[in-house]
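Structure first, then comments.
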Amino acid sequence: IRVQLRGKAHAEWKVTRSGERRSTKDDQNFLDQKAIIWGRDKTEEVGNIPILLKGNHRISFNFPLPETSLPGSFESRLGTVRYWIKAVLDIPYASPPQGMKYFTIIGPYIDCMDERYL
């Protein structure tokens, strides 16, 4: 079972100039952490393969957030700042089931009308 924490900003806009339409976009990653919370990495040598028995299981894990301030979650027509956790269950010879959960980071309050931001 692999888990990934990700925080990403995406901005995209279209500009039409002299009849020519251009698209400008950019991505920036704030967080990208991965962990194997059960089993072993695919790159390890073949040996005893751990088997997770059928049933309900709870496996705890954590990703400490960096000490620096992260930008707050944001959604608009021109761009987004999103954070999510994704879990993938590796199954040999099958399509791996996965789950994804978005969460919100509430960033520091910024007054855009403050003199230093104008």
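The values are calculated or read from the model by the stated rules, or taken from the named source; none is laboratory data. As the structure is a computational prediction, the values presented were derived from the model and not from experiment. Positions of Cβ are backbone-derived with ideal geometry, glycine not excepted, and every protein chain shown enters the neighbour counts.
Just to be sure, is residue 25 of a type in the set (Lys, Arg), without any contact (Cβ under 8 Å) to a residue 24 or more places away in the chain, surrounded by 10 or more Cβ atoms within 10 Å (Cβ to Cβ) and not in a loop (DSSP other than H, G, I, E, B)? It is true that residue 25 is of a type in the set (Lys, Arg), without any contact (Cβ under 8 Å) to a residue 24 or more places away in the chain, surrounded by 10 or more Cβ atoms within 10 Å (Cβ to Cβ) and not in a loop (DSSP other than H, G, I, E, B).
Among what's in region 65-87 and is basic (Lys, Arg) and surrounded by 10 or more Cβ atoms within 10 Å (Cβ to Cβ), pick the residue that is modelled with the lowest pLDDT.
Top of the filtered list is 82.
Among the residues of region 88-102, the one identified as of a type in the set (Val, Ile, Thr) and at pLDDT 85 or above is 88. Any residue in region 51-59 that is of a type in the set (Lys, Arg), under 25 Å from residue 11 (Cα atoms), part of a loop (DSSP other than H, G, I, E, B) and at pLDDT 85 or above? No, region 51-59 contains no residue that is of a type in the set (Lys, Arg), under 25 Å from residue 11 (Cα atoms), part of a loop (DSSP other than H, G, I, E, B) and at pLDDT 85 or above. Of all residues in region 3-13, one or more are outside any loop (DSSP other than H, G, I, E, B) and either at pLDDT below 90 or touching a His at 6+ places or on another chain (Cβ under 8 Å) (or both). Checking each residue of region 35-49 against the condition of being under 24 Å from residue 95 (Cα atoms), part of a strand (DSSP E or B) and of a type in the set (S, T, N, Q) gives no match. Residues that are exposed (fewer than 10 other Cβ atoms within 10 Å of the Cβ) and at pLDDT below 90 within region 28-45 comprise 41, 42, 43, 44, 45, listed in sequence order.
Against the definition (loosely packed, with under 10 Cβ neighbours inside 10 Å, under 18 Å from the mean Cα position of the chain (by Cα) and part of a loop (DSSP other than H, G, I, E, B)), how does residue 62 come out, yes or no? So residue 62 fits the description; yes. A Cβ distance below 6 Å, combined with a sequence gap of six or more or placement on separate chains, defines the contacts here; from region 76-97, residues that are touching a residue at least 60 places away in the same chain (Cβ under 8 Å) reach residues that are assigned to a loop (DSSP other than H, G, I, E, B) in the pairs 81/71; 81/73; 83/105; 88/96; 89/1; 89/96; 89/97; 90/96.
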